[in-house]
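The values are calculated or read from the model by the stated rules, or taken from the named source; none is laboratory data. Quick caveat, the model's predicted, so the values are computed rather than measured. Virtual Cβ from ideal backbone geometry, glycine too; neighbours counted across all protein chains shown. Areas reflect the complete protein model, heavy atoms only, side chains present, ligands, DNA and RNA absent. Shrake-Rupley method; radii C 1.70, N 1.55, O 1.52, S 1.80 Å.
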Amino acid sequence: MTAGLAAATVAAADLSGRGGPGFLSPTGAEVAFVLIGLVVLGSALLVVTTSQIVHAALWLVVTLGGLAAEYLLLTAEFIAWVQVLIYIGAVVVLLLFGLMLTRAPIGRSTELDSLKRWPAVLVAVGATATLLTVVVDAFHSAYLDLGKTDDGSARVTGESLFRVWVLPFEVLSVLLLAALIGAIVLSRGRADADGKGR
Amino acid sequence: MTTAAALATGLPFLAAVLGLAFGRRFPAAARALATLPLAASVLLTWAVAVRHDSGGVTEHGTELTPTGALDITLSMRVDGLSAIVAALVATVALLVQVYSAAYMRKDPRYSSYAALISLFSAAMLLVVYTGDLIVLLVGWEVMGVCSYFLIGHYWETEVARAAAVKAFLVTKLGDVPFLIGVLVLGVGAGSFRIGAIVDGVPPGGAGWATAGTLLMLGGVAGKSAQVPLQTWLPDAMTGPTPVSALIHAATMVAAGAYVVARLYPVFLASDATLVVLAVMAALTMVSSALFAFAQDDLKRVLAWSTVSQLAYMTGGLAAGGRDAAVFHLLTHGAFKALLFLAAGVVIHLAGTGRISDMGGLRRREPLVFWTMTAGLGALVGVPPLSGFFSKEAVLGAAEHTAIDGGAGAPPAVTGWLVIVAGVLTAGLTAAYATRLWLRVFFGEARKPAPEPHGPTPVLMLWPLAVLTVPTVLLGVIGLNESWLPAWLGDADGRAYGSADAANGLLLQAPAYYDLAPRLGTSLAAVALLALGAGAVYALWRRDPAADPARVLGRLRGPAERGFDVDRLYDAVVVRPVWLAARATRFVDRVVIDGYVHAAAQGTWLAGGGVRRSQNGNVQVYLAGVLAGFVVLAVTVAVRA
Amino acid sequence: MHLVYPLVLAVLLFGIGLYGVLARRNAVLVLMSVELMLNAVNVNLVAFDMWLRDTLHAGQALTLFVITIAAAEIGLGLAIVLMIFRNRATSDVSALRDLAEPGAVPRARRRLRTARTRPGSEAA
Amino acid sequence: MTVVEVLVRLALVLAAFLVFPLVIGQTEHKVMGHMQARVGPIYAGAFHGWAQLVADGVKFAQKEDVVPAGADRRVFRLAPAIALIPYMVVLIAIPVGSGDLVGRSIDAGVFFVLAVMGVGVLGSLMGGWASANKFSLLGSLRTAAQLMAYELPMLLAGASVAMAAGTLSLTGILGQWEWWWLPWQAVGGVVFFTAGLAELQRPPFDMPVADSEIIFGAYTEYTGLRFALFLLAEYAGILVLCALTTVLFLGGWHGPWSDDLGWLWTLLKTGVLAFVVIWLRVSYPRLREDQLQKLAWTGLIPLALAQLVLTGVVRVAIA
């Protein structure tokens, strides 16, 4: 439904399209972007609807991988590999780890969705429609020229990161340390309270 | 010279601060602290008065930081008037401190009492000396506060508390217009400096001068207990006797008259103000003399008499006799202080303040008898005593105004008012003074005297002796034009000289500077005096045990209660205010609080409704928040 | 490439993540949905960075930061979920009603009671 | 780069992917057979049992493809592929010889390689969970924990080399390489190799598949070709790890004589390393789970950090 709405608004934007080629003659990158985007959205939908909890995590892998590919198409190469490394290599593994520790069952679970599903649908669709309207209205004529640039290369990103954004970077490292310590404290606290482990 | 004046003001202030800070811890030092700085002040004020002689104005001051359009100067303005009045104030204050050292000997709160007296003296001296109206106002209000505390010295008693609050409220009632009047004068003259204001009045008067002086009359009436704000003074007698003597006889109550004299050129230029002042004075004079006649309490008699005598001063001022009024202020300060201090000893002896319980005290303490006789004589205006001369001076000025006042003189009507009321009051004064004298000192004691608790302290007696001297002799200074009028200088502060008088360079006609008694008014006053005194004596002779006041008949009760002015106040002011307050309370409780309670109740109910949604499910909360966001965004987008 | 493609993708992904956060009951699934939303934001950031040709590369830098923070968040989040699971034997967010107004929801009370009767939770 | 060239390169990579892991497998059989004096692997096909690999293949192919009843069938079947494919993808980026002798030169090569290698672990996780077997699940958990622990030192060691070369590209790193990098990056190399072994779950880091404790962990329920794919993934992993270590720390195609022989040097170094891997399997006992974690957090990570500091200091000194 939302995809249809998006298509409609995109088509409408095409009529007034300024700057860049029209929507009806897409480039190869655009076609690839849309196709991968559909995969991403589909798998994301499965993440939030599947009744098998581990499958959700695996679909998440597909979503994140697809997004990495989208980053590549946007010429943000470094971001793409970081996405794979951190999200798939670390976050999803952690998630699976967590799922297994919380005794994720094989097969369908009945209680994954709350009873308030329809209000959630309503709110999500409302928010999406609002954002979509705003975004399409504002940017339907903006064109992203992905010519030969190395804006997304490791060198450029690294330079901006360590020249311009060094301070936030350092602050972030402190945050990570805090998160590390916090996670350790959280997982150990209970064991100490119980006495000799479990 | 201004330095000496500032020092004279500062020393008691310092003593007060030290006394309030350390008096409780070092009670031994309190007595020295109370008297010694004040003694120095007395010397200084006298030095200032003598050095000043008859030179014009000496004024020095530092300007405070600019406060806006009109600057305030911290200045000392010494001229004849302020030098003499300051000397009077300081002297009486010192005597009272000395007297109090004995009178309040056993009082546990002596140190704070003495400090307050010192503070009061400092404030009064500030009022007298200062050359700036705003600074004067400061001293004025400090005096009021001190008066409040001193009247309420025996705050354990209900009466004292009520009297203190009453005195405070009533005088403040007058101070509000007084403040506005000060501001009007300041703005009108473009300065708060007294000199500038006095010089700034145009010859024919000015709107701002009339308005300002009229407003200031409120403060004058409040401080000097004139109609219609007179009722606080008799009640204030619940304070210690020295306080009554100091504040409520010699000094503070005279401040009202003093301020008028200080700004006299301004008042003189405002005919309307003078007429109002004259009406006020006439009413006060007669009525309070009548009330004094009806009183049974010794100090209340003296209080009403004070009110009456103050009316003489204000009356003199209204009728153009500034020098006469100041003359009366001086003599009155002396003899009324004497009378109060003597009354203190009498009460001390008799163990009661009720006249109906006294009698025959003549034999127990002859010194008191004689000094009090002198004081009463001066009060009544028996010829060679001081009161006679000052009173005649007032009446003489009034006569001049009434009969041959010319251009620049007050309206004739003020003169007539003051003469009629003054002569009538002379008779009434003689009547109540005679009644007091006879009932206290003669006849038999109507109540067995209490066991004499030791001899009367010497410290209490010698101020009486000291005060008797001016009581008897002070009238002399008015006899020669080169004495008191020359010392006082002209009303605008400039020096007075006979040559000036002859050339018409003075502010007023020469007759106003002549303080010698005049034949017509003297005869009339003395005749009525004799009539009043004789009538009372005759009544007393018929029945020494009965109160001569019975002659008032049905009038006596109301007169004793000051014509129930308090009840009038009650009906006119208090009750409407009460009703308004009650109405306000009703509106507040029912209407305004109704809204508040309804709002609270509504919030409570709404909260109860929202409470149901607080089921702990975070996702529901989040959904609500986001739904709200969507609605808001859509609303904004649609309206944009 | 038209800017709307990545933007629309981001919006839709965000909506899906939003739905997941609101509708899923398992805490780990909620965390996953949060990751979806974060990724949507990242797509936006990268797209705008490329579109603006930002010389500071704020968009990419911020994306890297977001990814890092997401890693930290998932670590802490999972630690919390595991703690809850250990204490209450559930990772169902709708069963965690400690925020409820007392007495407003009978179910929450029942849950509390059962939690209280569990051995081991008394030590806490 | 034309389409044909791309296709040729992909075909070559695929060929290498198909051939070398098998070679390594064969070598492992032989080496273990000789080192442990086992008769089996030296028997088939007469000469040193050259046909053993073929026999193994036939055996795996013949076996029934069993999926447990309680398993999550789709995930169970998908898992071996997930485990295998990332290694194939990684091979694309590894340069074999000087110049353009590489599948595809990738700008952020080190990142790419390490990122994609991390994905392979998902296969073990999926397989272990989908088997509906407690031992498998335990194996998966151990795999995940091990991956978490060893990814970090591996990344740090890789970062050290990238820092030394000033580039993330693998070909770029080799372009910068000098002989004295050998001692300079030695510690990093050891850390990288050790961590890689742990990530591959090779002995002595094979707790996730410890057959004496949890009966081959995640692979308990796998039989036949699927099991063979897992094995193949392991050998591919050895290949990738050894090739990467070669490229990053041993100079890749650098060596004496002509640069044209570079590919030979690469293969030689990789082969030696692969031999070391096999050698270690034969000679070292298995670590305990807690020892394993301790080694990572208190041994390898500090070492890797020290290497990073050293690299930085030398880099600054040179500059």
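Got a sec? Which of B:A282, B:A257, B:A324, B:A292 is over 27 Å from B:A93 (Cα atoms), in the same structural domain as B:A486 (by TED's automatic domain parsing) and in contact with a helix residue (DSSP H, G or I) (Cβ under 9 Å, 6 or more places away or on another chain)?
Just a single option satisfies the conditions, and that option is B:A282.
Table: residues versus (1) free of Cβ contacts under 8 Å to residues at least 40 places away in the same chain; (2) at the interface with another protein chain (Cβ under 7 Å from one of its Cβ atoms); (3) buried (at least 24 other Cβ atoms within 10 Å of the Cβ); (4) not in a helix (DSSP H, G or I).
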| site | (1), (2), (3), (4) |
| --- | --- |
| D:I85 | yes, no, no, no |
| D:V89 | yes, no, no, no |
| D:V119 | yes, yes, no, no |
| D:G123 | no, no, no, no |
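Look through region B:253-275, keep the residues that are out of contact with any Ser or Thr (no Cβ under 9 Å at 6 or more places or on another chain) and open to solvent by 10 Å² or more (accessible area, probe 1.4 Å), and return whichever of them is nearest to B:G315 (Cα to Cα).
B:L268
Let me confirm something: among B:A39, B:A102, B:A32, which residue is open to solvent by less than 20 Å² (accessible area, probe 1.4 Å) and either at pLDDT 80 or above or in a helix (DSSP H, G or I) (or both)?
Residue meeting the stated conditions: B:A102.
Table: residues versus (1) among the aliphatic types (A, V, I, L, M); (2) out of contact with any Lys or Arg (no Cβ under 8 Å at 6 or more places or on another chain).
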{"residue": "B:A162", "(1), (2)": "yes, yes"}
{"residue": "B:A167", "(1), (2)": "yes, yes"}
{"residue": "B:L185", "(1), (2)": "yes, yes"}
{"residue": "B:A189", "(1), (2)": "yes, yes"}
{"residue": "B:I194", "(1), (2)": "yes, no"}
{"residue": "B:A209", "(1), (2)": "yes, yes"}
{"residue": "B:G212", "(1), (2)": "no, yes"}
{"residue": "B:S244", "(1), (2)": "no, no"}
{"residue": "B:F267", "(1), (2)": "no, yes"}
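Since C:R24 meets every condition but one in (1) more than 7 Å from chain A (Cβ to nearest Cβ); (2) open to solvent by less than 10 Å² (accessible area, probe 1.4 Å); (3) at pLDDT below 90, which condition does it not meet?
Looking at each condition in turn, C:R24 falls short on (1).
I'd like to know if region D:125-134 contains one or more residues that are part of a helix (DSSP H, G or I) and closer than 23 Å to D:L264 by Cβ.
Within region D:125-134 (the criterion being part of a helix (DSSP H, G or I) and closer than 23 Å to D:L264 by Cβ), the answer is no, since none of the residues qualifies.
Per-residue answers, yes or no, for (1) among the aromatic types (F, W, Y); (2) touching a strand residue (DSSP E or B) at 6+ places or on another chain (Cβ under 7 Å); (3) under 30 Å from A:V121 (Cα atoms):
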{"residue": "B:G553", "(1), (2), (3)": "no, no, no"}
{"residue": "B:A559", "(1), (2), (3)": "no, no, no"}
{"residue": "B:V573", "(1), (2), (3)": "no, no, no"}
{"residue": "B:W578", "(1), (2), (3)": "yes, no, no"}
{"residue": "B:I592", "(1), (2), (3)": "no, no, no"}
{"residue": "B:A598", "(1), (2), (3)": "no, no, no"}
{"residue": "B:A606", "(1), (2), (3)": "no, no, yes"}
{"residue": "B:R612", "(1), (2), (3)": "no, no, yes"}
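What single numbered condition from (1) part of a helix (DSSP H, G or I); (2) free of Cβ contacts under 8 Å to residues at least 40 places away in the same chain fails to hold for B:E156?
Against the list (1) part of a helix (DSSP H, G or I); (2) free of Cβ contacts under 8 Å to residues at least 40 places away in the same chain, B:E156 comes up short only on (1).
Return the residue satisfying two criteria in turn: it lies in region B:558-597 and is surrounded by 12 or more Cβ atoms within 10 Å (Cβ to Cβ) and of a type in the set (G, A, S), and of such residues it is modelled with the highest pLDDT.
Taking the candidates together, the pick is B:G594.
Got a sec? Which of B:A255, B:A250 is at pLDDT 85 or above, among the small types (G, A, S) and on the phi < 0 side of the Ramachandran plot?
Among B:A255, B:A250, only B:A255 is at pLDDT 85 or above, among the small types (G, A, S) and on the phi < 0 side of the Ramachandran plot.
Give me a count of the residues in region B:138-159 that are open to solvent by 20 Å² or more (accessible area, probe 1.4 Å) and out of contact with any Gly (no Cβ under 8 Å at 6 or more places or on another chain).
Selection size over region B:138-159: 11.
Here are some residues: B:L229, B:L169, B:L179, B:L215. Which one is in the same structural domain as B:L263 (by TED's automatic domain parsing), open to solvent by 10 Å² or more (accessible area, probe 1.4 Å) and under 12 Å from the mean Cα position of the chain (by Cα)?
B:L229
Determine which member of the set A:G65, A:G89 is open to solvent by 10 Å² or more (accessible area, probe 1.4 Å), part of a helix (DSSP H, G or I) and either within 11 Å of chain D (Cβ to nearest Cβ) or at negative phi (or both).
A:G65
I'd like to know if region B:77-98 contains one or more residues that are over 30 Å from B:G56 (Cβ atoms) and among the hydroxyl-bearing types (S, T, Y).
no
So B:A162 clears everything in (1) touching a residue at least 40 places away in the same chain (Cβ under 8 Å); (2) surrounded by fewer than 19 Cβ atoms within 10 Å (Cβ to Cβ); (3) not in a helix (DSSP H, G or I) except one condition, right? Which one?
(3)
Name the residue, out of B:G594, B:G628, B:G553, B:G608, that is small (G, A, S), out of contact with any Lys or Arg (no Cβ under 9 Å at 6 or more places or on another chain) and under 21 Å from B:Q295 (Cβ atoms).
B:G553
Looking only at residues in region A:126-145 that are within 7 Å of chain C (Cβ to nearest Cβ) and either open to solvent by 40 Å² or more (accessible area, probe 1.4 Å) or in contact with a strand residue (DSSP E or B) (Cβ under 6 Å, 6 or more places away or on another chain) (or both), which one is modelled with the highest pLDDT?
Among those that are within 7 Å of chain C (Cβ to nearest Cβ) and either open to solvent by 40 Å² or more (accessible area, probe 1.4 Å) or in contact with a strand residue (DSSP E or B) (Cβ under 6 Å, 6 or more places away or on another chain) (or both), it is A:L131.
In this structure, does B:S111 turn out to be at pLDDT below 85 and surrounded by fewer than 20 Cβ atoms within 10 Å (Cβ to Cβ)?
Against the criterion (at pLDDT below 85 and surrounded by fewer than 20 Cβ atoms within 10 Å (Cβ to Cβ)), B:S111 does not qualify.
Taking D:W253 and the conditions (1) open to solvent by less than 10 Å² (accessible area, probe 1.4 Å); (2) more than 14 Å from chain A (Cβ to nearest Cβ), which numbered condition does it fall short on, given that it satisfies the others?
Every listed condition holds for D:W253 apart from (1).
Take the residues in region C:32-63 that are at the interface with chain A (Cβ under 7 Å from one of its Cβ atoms) and touching a residue at least 24 places away in the same chain (Cβ under 8 Å); name whichever of them is most open to solvent (accessible area, probe 1.4 Å).
Top of the filtered list is C:W51.
Scanning region B:362-408 for residues that are part of a helix (DSSP H, G or I), charged (D, E, K, R) and surrounded by fewer than 24 Cβ atoms within 10 Å (Cβ to Cβ), which turns out modelled with the highest pLDDT?
Once the filter is applied, the top-ranked residue is B:D404.
Given the criteria open to solvent by less than 20 Å² (accessible area, probe 1.4 Å), modelled with pLDDT of 85 or more and over 19 Å from the mean Cα position of the chain (by Cα), does D:S160 qualify?
Here the answer is yes, as D:S160 does meet what is asked.
Please go through region B:602-633 and pick out each residue that is of a type in the set (A, V, I, L, M), open to solvent by 60 Å² or more (accessible area, probe 1.4 Å) and at pLDDT below 85.
Residues satisfying the conditions are B:V610, B:V618, B:L622.
Output the residues belonging to region A:69-86 that are hydroxyl-bearing (S, T, Y) and crowded, with 24+ Cβ neighbours inside 10 Å.
The answer is A:Y71, and nothing else.
Hey, among D:H29, D:H34, D:H48, which residue is away from chain A (no Cβ under 14 Å), at positive phi and in a helix (DSSP H, G or I)?
After ruling out the rest, the residue left standing is D:H48.
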